[in-house]
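**Student:** Have a look at this one.
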Amino acid sequence: MAGFGAQLTAVLGPTNTGKTHLAVERMCAHSGGMIGFPLRLLAREVYDRVVALKGAPQVALVTGEERIVPPGARYFLCTAESMVTDRTFPFVAIDEGQMGSDPERGHVFTNAMLHLRGSAETMILGAETLRPVLRRLLPDAHIVTRPRFSSLSCVEPRKLSRLPARTAIVAFTAEDVYALAEALRRHKGGAAVVMGGLSPRTRNAQVALYQSGEVDYLVATDAIGMGLNMDIAHVAFASLSKFDGRRHRRLRTAEMAQIAGRAGRHQRDGTFGTVQLGRADEGGSPAFTEAEVRSIEDHGFPSLQGLVWRNARLDFASLHRLMMSLEAAPSSPELWRGDDAIDLQVLKLLAGEPWLLERAQGRPALQRIWAACGLPDYRRTGAEAHSRLVGRMVRHLTEGNGNLPPEWIRSELAVLDNVAGDIATLSDRIAAARTWTYVSHRSDWLEDAPGWADRARLVEDKLSDALHQRLTQRFVDRRTAVLLKDLKLRDPDLRVEVDPDGAVIVDGAIIGTLTGFAFLPDPAARAGEKKLLLAAAERRLSSELRARAAALAASLDGDFALAFEGGMPPRLTWKGNRVAALRRGKDALNPRIELDRSLDSLDQKARVAVLDRLQAWVDITKGRHLSALTRLEALKTGLSPAARGIVVQLTETMGSLPRASIASLIGSLTRDDRRALAKAGVRLGVVHVYAADALRPEATRWRLALWGVSNGGAAMPQPPRPGLTSLRVDPAAPPGFYAVAGFWALGDFAIRVDMADRTARSVHAQRLQEKAGSGAIQPDPALMTSLGLGAPEFAALMQALGFRSGQGKGFAFAPGRNPADRQRQRKKPGRQKGSSVVSQRTDAALPFANLGVMLAKRADTGKGPGNG
């Protein structure tokens, strides 16, 4: 490039001196320019900045895997290997010039510093260690030193769990990076991961995860040291040694400083130190020497004595001449021949193949072969394995039309287009996809280069997004990160949302579910997290709970319900969510309402409003379902003493009691009493006295709930299902349960009292109609069907109603065996075995012909109590 008479400036200094910012300002002051960077990620970052200043049509991005070159572009941001050499720019800059000493890539930076020039101005940016070698190699350069904007100081080693927020932890293997990220997930809610092996898109997403504040920690390899500008306050070294491709060695002081210098940007000071890991292989924990600390803090490092160099003036006259020119010795003692780079290693391996010797004829063919050898080894497979891939490409590029077969590329991309797998699998696929992304930018290798570039980019982007997702899933616990931030900062700006399904989301992280007024921590949370979740919910949900309390107070009756299936205490629900319980009150019909503990955080005013609304609903609902009992209360004043006694007992027993227990009171009733009781729905049955409306299913459920509360709250069976006329008796049921439920218990089965009364009236009416006297009758088979009883149970019921089994002729009425007589008989001592109706019922096989046959058929079908 031209421009050797133009101004050449070397801007040197430690990290955080604004060197890159200065270069961007100088480039934008010219009519055009180019800057070469060590990383594609850094080139992309600066590209975005220049686009904002100059507009996208004027700015180009050129890297090995990405080319954005508008037709009128004047400002080029490139990686060092992709810097444009076939046009002149007014301004040229090379960033991180000290990379010229890198054994693998150093020759690229050295060549750029020695030969690329802007027509008006050239800048070399780098560390102060470049000064002596630049002075000797470029004596005309004007060298400027810039001081660091902020100070950098060493602090004592810290445990991983004690590292401050906005810390970058540096390790040098993928295994160590992953282990540290896992530990930070447990202790700090997670970390972003940045490694050289990640695709640029994945690295961008991980950096954005950290920069946005979603996580406060970053775990990275030394790739972080190359000019990436992030909000880092502290850099913690998990190790101070690495494998450099040839041997395992301790970091040089300048390398330590390059990484530590990421801490403290602009005017904010930064710190660095080590992590206490207690690893035996390093004596417990890595440690800086005093000299290293002093050098890093004072930015004083040994100067570079030379730069890695490789001849850039290649001779394509023959394969032998090309290799000789690549291995030429430098002419200056400050320039050193480094180890063979991967491209030269591949060329040497291919040069031993007879087929290559045949095709390496002429300048165009050699240039094509050398360009193919420059394919980066993204897969990191090594020179030998990489040479096989390059060799296949060279075969295609030097035969036929000189293009790569589209079928081959299509099949390779199809295999890679798979987002399944773990982090390692996706990383391997991305590395392979980057190879084809690089290839797709070689327009002279492909028939449809733009089309292949789009396809390769799509595959790489899909894989990169999947990898970012896997990294985030594995190394970021968003819930814990949000909770720690909430506890630490009490941040009023943290967004709190409650989804329609009740999910509680704090700053984008689901921390649990709000069911009614009850917050339930995420079931996946560890035990130690649940206290944090509850504490965060208590602080963040107060306004939501107040709003729900106001909504409850204004709700319609249809939003409330009694939740009672036998368990105690009965619960009151609002929109299906538990809000209160019924407790023992002044009497059975007036329980006390106790708010659920989930409402404890409400203020007194809100609690009173909720209680008042619940009480109003309970009163209204009792009035509707228990009107049979409330009507009885209203009758007391106009009744005789006997009738009032019946009303009091009916109310106490929740609407049903045996007739025999109040026979004397019934005998004393006046005609007006009977008329008033009948009008109130009281039935004076043969066996029981009961309030008919109180036997309805919902009324029965309410009666059982209130009775259970007033009788100590013992657990009971579920209320009888609607429509049941008989059922099996649960031996564990508390005494009185079936009587309150409106059933007459006869041993191990029970029949509803209104059905027992109907049966008694039916069979006695049949006896009178048939003028059977004490003779036998044959009850209608449909009667047993309607009761849902089997043959033995029906026989027991008939005996309980005062009948005995006849001799093959049905049931005969036995005077003195009616229910009232049997009640008196039970009180007499010395009763003979077999006189109990209930104990005899299993022997009642109905020995009369027709009904016996019918009952036997019902027994065969398995009919019994509860089937009705």
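The values are calculated or read from the model by the stated rules, or taken from the named source; none is laboratory data. Fair warning: this is a prediction, and the values are worked out from it, not measured in the lab. As a convention, Cβ positions derive from the backbone with ideal geometry for all residues, glycine included, and neighbour counts pool all protein chains shown. What goes into the accessible areas is simple: the full protein's heavy atoms, side chains included, and nothing from ligands, DNA or RNA. Shrake-Rupley method; radii C 1.70, N 1.55, O 1.52, S 1.80 Å.
**Student:** List pairs: first residue in region 627-646 and open to solvent by 20 Å² or more (accessible area, probe 1.4 Å), second residue of a type in the set (D, E) and part of a helix (DSSP H, G or I) anywhere in the structure, Cβ distance under 7 angstrom, at least six positions apart or on different chains.
**Tutor:** Within 7 Å, the pairs are S627/D693; S640/D673.
**Student:** Name every residue in region 570-589 that is basic (K, R), in a strand (DSSP E or B) and either free of Cβ contacts under 8 Å to residues at least 60 places away in the same chain or under 23 Å from L545 (Cα atoms) (or both), in order of residue number.
**Tutor:** Step one: filter region 570-589 for residues basic (K, R), giving 571, 575, 578, 583-584, 586.
If we keep only those that are in a strand (DSSP E or B) too, we end up with 571, 578, 583-584, 586.
Within region 570-589, R571, R578, K586 meet the criteria.
**Student:** I'm trying to understand the selection: among the residues of region 554-569, which are open to solvent by 20 Å² or more (accessible area, probe 1.4 Å), out of contact with any Pro (no Cβ under 8 Å at 6 or more places or on another chain), outside any loop (DSSP other than H, G, I, E, B) and in contact (Cβ under 8 Å) with a residue 12 or more places away in the chain? Give the steps one after another, and end with the answer.
**Tutor:** Pass one, region 554-569, residues open to solvent by 20 Å² or more (accessible area, probe 1.4 Å): 554, 556-559, 561, 563, 565, 567-569.
Narrowing further to those that are out of contact with any Pro (no Cβ under 8 Å at 6 or more places or on another chain): 554, 556-559, 561, 567-569.
Remaining after also requiring outside any loop (DSSP other than H, G, I, E, B): 557-559, 561.
Answer for region 554-569, where residues must be open to solvent by 20 Å² or more (accessible area, probe 1.4 Å), out of contact with any Pro (no Cβ under 8 Å at 6 or more places or on another chain), outside any loop (DSSP other than H, G, I, E, B) and in contact (Cβ under 8 Å) with a residue 12 or more places away in the chain: D557, D559, A561.
**Student:** Among (1) at pLDDT 95 or above; (2) under 20 Å from L350 (Cβ atoms), there is one condition D377 misses while meeting the rest; what is its number?
**Tutor:** If we test D377 against (1) at pLDDT 95 or above; (2) under 20 Å from L350 (Cβ atoms), just (1) comes out false.
**Student:** Output the residues belonging to region 472-506 that are open to solvent by 40 Å² or more (accessible area, probe 1.4 Å), at pLDDT 60 or above and part of a loop (DSSP other than H, G, I, E, B).
**Tutor:** Within region 472-506, R495, D499, P500, D501 qualify.
**Student:** Oh, and also: When you scan region 712-725, do you find a residue that is on the phi < 0 side of the Ramachandran plot and over 50 Å from the mean Cα position of the chain (by Cα), even just one? Spell out the reasoning first.
**Tutor:** Residues of region 712-725 that are on the phi < 0 side of the Ramachandran plot, as a first pass: 714-722, 724-725.
Checking the rest, the ones that are also over 50 Å from the mean Cα position of the chain (by Cα) come to 725.
Within region 712-725, one or more residues are on the phi < 0 side of the Ramachandran plot and over 50 Å from the mean Cα position of the chain (by Cα).
**Student:** If M323 satisfies every condition in (1) open to solvent by less than 50 Å² (accessible area, probe 1.4 Å); (2) closer than 24 Å to T381 by Cα; (3) in a loop (DSSP other than H, G, I, E, B) but one, which is the exception?
**Tutor:** With respect to (1) open to solvent by less than 50 Å² (accessible area, probe 1.4 Å); (2) closer than 24 Å to T381 by Cα; (3) in a loop (DSSP other than H, G, I, E, B), M323 is out only on (3).
**Student:** Still on this structure, please answer the following. Going by the conditions given, is S199 at pLDDT below 90 and of a type in the set (S, T, N, Q)? Before you say what the answer is, go through the steps one by one.
**Tutor:** Values: at pLDDT below 90: yes; of a type in the set (S, T, N, Q): yes.
Spelling it out, S199 is indeed at pLDDT below 90 and of a type in the set (S, T, N, Q).
**Student:** Could you tell me which numbered condition R721 fails, if it satisfies all but one of (1) open to solvent by less than 50 Å² (accessible area, probe 1.4 Å); (2) free of Cβ contacts under 8 Å to residues at least 60 places away in the same chain?
**Tutor:** That leaves (1) as the condition not met.
**Student:** Looking at R675, R701, which is the one that is of a type in the set (K, R), within 25 Å of H764 (Cβ to Cβ) and open to solvent by 10 Å² or more (accessible area, probe 1.4 Å)?
**Tutor:** R675
**Student:** Scan (1) within 26 Å of E334 (Cβ to Cβ); (2) among the small types (G, A, S); (3) open to solvent by less than 20 Å² (accessible area, probe 1.4 Å) for the single condition A6 breaks and write down its number.
**Tutor:** Just one mismatch for A6, condition (3).
**Student:** Do we find a residue being at pLDDT 90 or above and part of a helix (DSSP H, G or I) anywhere in region 187-195?
**Tutor:** no
**Student:** For D102, only one of the following conditions fails: (1) among the charged types (D, E, K, R); (2) open to solvent by 50 Å² or more (accessible area, probe 1.4 Å); (3) more than 21 Å from H441 (Cβ to Cβ). What is its number?
**Tutor:** Unmet for D102, out of (1) among the charged types (D, E, K, R); (2) open to solvent by 50 Å² or more (accessible area, probe 1.4 Å); (3) more than 21 Å from H441 (Cβ to Cβ): (2).
**Student:** So which residues in region 36-55 are open to solvent by less than 50 Å² (accessible area, probe 1.4 Å) and not charged (D, E, K, R), if there are any at all?
**Tutor:** Initially, region 36-55 is screened for residues open to solvent by less than 50 Å² (accessible area, probe 1.4 Å), giving 36-43, 46-47, 50-51, 55.
Correct list: G36, F37, P38, L39, L41, L42, A43, V46, Y47, V50, V51, G55.
**Student:** Of all residues in region 196-231, how many are assigned to a loop (DSSP other than H, G, I, E, B), under 23 Å from the mean Cα position of the chain (by Cα) and among the β-branched types (V, I, T)?
**Tutor:** Pass one, region 196-231, residues assigned to a loop (DSSP other than H, G, I, E, B): 196-199, 212-216, 221, 226-231.
Now narrow it down to the ones that are under 23 Å from the mean Cα position of the chain (by Cα): 212-216.
Now narrow it down to the ones that are among the β-branched types (V, I, T): 215.
Final tally of qualifying residues: 1.
**Student:** Name, by its number, the condition in (1) surrounded by fewer than 18 Cβ atoms within 10 Å (Cβ to Cβ); (2) modelled with pLDDT of 95 or more; (3) assigned to a helix (DSSP H, G or I) that does not hold for D315.
**Tutor:** Single failed check for D315: (3).
**Student:** Tell me which residues, restricted to region 425-466, are without any contact (Cβ under 8 Å) to a residue 60 or more places away in the chain, farther than 15 Å from R410 by Cβ and aliphatic (A, V, I, L, M).
**Tutor:** Scanning region 425-466 gives L426, A466.
**Student:** Let me ask another. Just need a number here: residues in region 124-178 that are of a type outside the set (F, W, Y), in contact (Cβ under 8 Å) with a residue 12 or more places away in the chain and not in a loop (DSSP other than H, G, I, E, B).
**Tutor:** The qualifying residues number 30.
**Student:** Return a yes/no flag: does region 745-753 have any residue that is charged (D, E, K, R) and more than 20 Å from G567 (Cβ to Cβ).
**Tutor:** Yes, that holds for at least one residue.
**Student:** Hand me the list of helices (runs of 4 or more DSSP H) wholly inside region 329-434 holding 3 or more residues that are over 26 Å from S82 (Cα atoms) and open to solvent by 40 Å² or more (accessible area, probe 1.4 Å).
**Tutor:** Details: elements: 342-351, 354-359, 363-373, 383-397, 406-416.
Passing ranges, in order: 354-359, 406-416.
**Student:** Just to be sure before I move on: is P735 buried (at least 21 other Cβ atoms within 10 Å of the Cβ) and either assigned to a loop (DSSP other than H, G, I, E, B) or touching a Gly at 6+ places or on another chain (Cβ under 8 Å) (or both) in the structure I sent? So that I can check it myself, show each step before the final result.
**Tutor:** Working: buried (at least 21 other Cβ atoms within 10 Å of the Cβ): no; either assigned to a loop (DSSP other than H, G, I, E, B) or touching a Gly at 6+ places or on another chain (Cβ under 8 Å) (or both): yes.
Against the criterion (buried (at least 21 other Cβ atoms within 10 Å of the Cβ) and either assigned to a loop (DSSP other than H, G, I, E, B) or touching a Gly at 6+ places or on another chain (Cβ under 8 Å) (or both)), P735 does not qualify.
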